[in-house]
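The values are calculated or read from the model by the stated rules, or taken from the named source; none is laboratory data. What you are looking at is a predicted structure, and each value in this text was computed from that prediction instead of being measured. Glycine also receives a Cβ, built like all others from the backbone with ideal geometry; neighbour counts cover every protein chain displayed. Side chains are part of the model used for accessible areas, which takes the heavy atoms of the whole protein and leaves out ligands, DNA and RNA. Shrake-Rupley method; radii C 1.70, N 1.55, O 1.52, S 1.80 Å.
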Amino acid sequence: DRDARRFVVARSALRAVIGRYLGLAPGSVEFTYGVHGKPGLGGVHAVLGFNLSHSGEVAVAAVGWRRALGVDVELRRPLPDLAALAARSFAPRERAVLEALPEVERPAAFFRCWTRKEAFIKATGEGLAQALDGFVVSLGPGESARFLDIGGDHAALARWSLHDLSPPVGYTGALVVEGAVRAVRVRAWSAAEAGA
């Protein structure tokens, strides 16, 4: 029940945000779905790209005109299987950075890497059909969010920009946007504003 409520609240907030951008009532916002399940808008509204992520009690929506984007937020929690998850999902270069860190710094680095990678596969629309170890992101403490390699494709490195988000304490978030972005504007929405 709790997860269902969170899903409904997050989707309601997303409809409200999109409705404000498009001048539509939230209930009239209709989603289409790509081959791998990425939601979008059809017809004349397809120029507005968006993405949604939620974890714990936090939801994050990203919206942008005429560009693909992906967002991910994760509640940081203990991961007894952190090394196994990294072995299955991270590129060798990322695993080497993670393993070289003091053990106390590894969980934060893991979640930085994870959210950056999740945001990218959501931006491309490929989701889990895209190999998580096929591209490399920065993850070290104090390192700015950036792509280090995208399958050896230099054009792809120039095409995508990666940004850290600042969600509430205890969460990690990342945003991937197609093209250069001058600024990322963050606005907090309450469930009441979303009509939820």
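Some notes on this structure:
- Here is the figure for region 136-159: residues that are open to solvent by 40 Å² or more (accessible area, probe 1.4 Å) and either polar (S, T, N, Q) or part of a helix (DSSP H, G or I) (or both) total 6.
- If you check Val58, Val71 for being of a type in the set (Val, Ile, Thr) and surrounded by fewer than 19 Cβ atoms within 10 Å (Cβ to Cβ), only one passes: Val58.
- Residue within region 160-168 that is open to solvent by 50 Å² or more (accessible area, probe 1.4 Å), over 17 Å from Asp72 (Cβ atoms) and over 10 Å from the mean Cα position of the chain (by Cα) present: no
- Some residue of region 123-132 being surrounded by fewer than 17 Cβ atoms within 10 Å (Cβ to Cβ), within 20 Å of Ala62 (Cα to Cα) and touching a helix residue (DSSP H, G or I) at 6+ places or on another chain (Cβ under 8 Å): yes
- Residue within region 37-46 that is in contact (Cβ under 8 Å) with a residue 24 or more places away in the chain, of a type in the set (A, V, I, L, M) and either open to solvent by 30 Å² or more (accessible area, probe 1.4 Å) or assigned to a loop (DSSP other than H, G, I, E, B) (or both) present: no
- Matching helices (runs of 4 or more DSSP H) fully within region 63-135 where at least 1 residues are closer than 27 Å to Val169 by Cβ and under 13 Å from the mean Cα position of the chain (by Cα): 106-124
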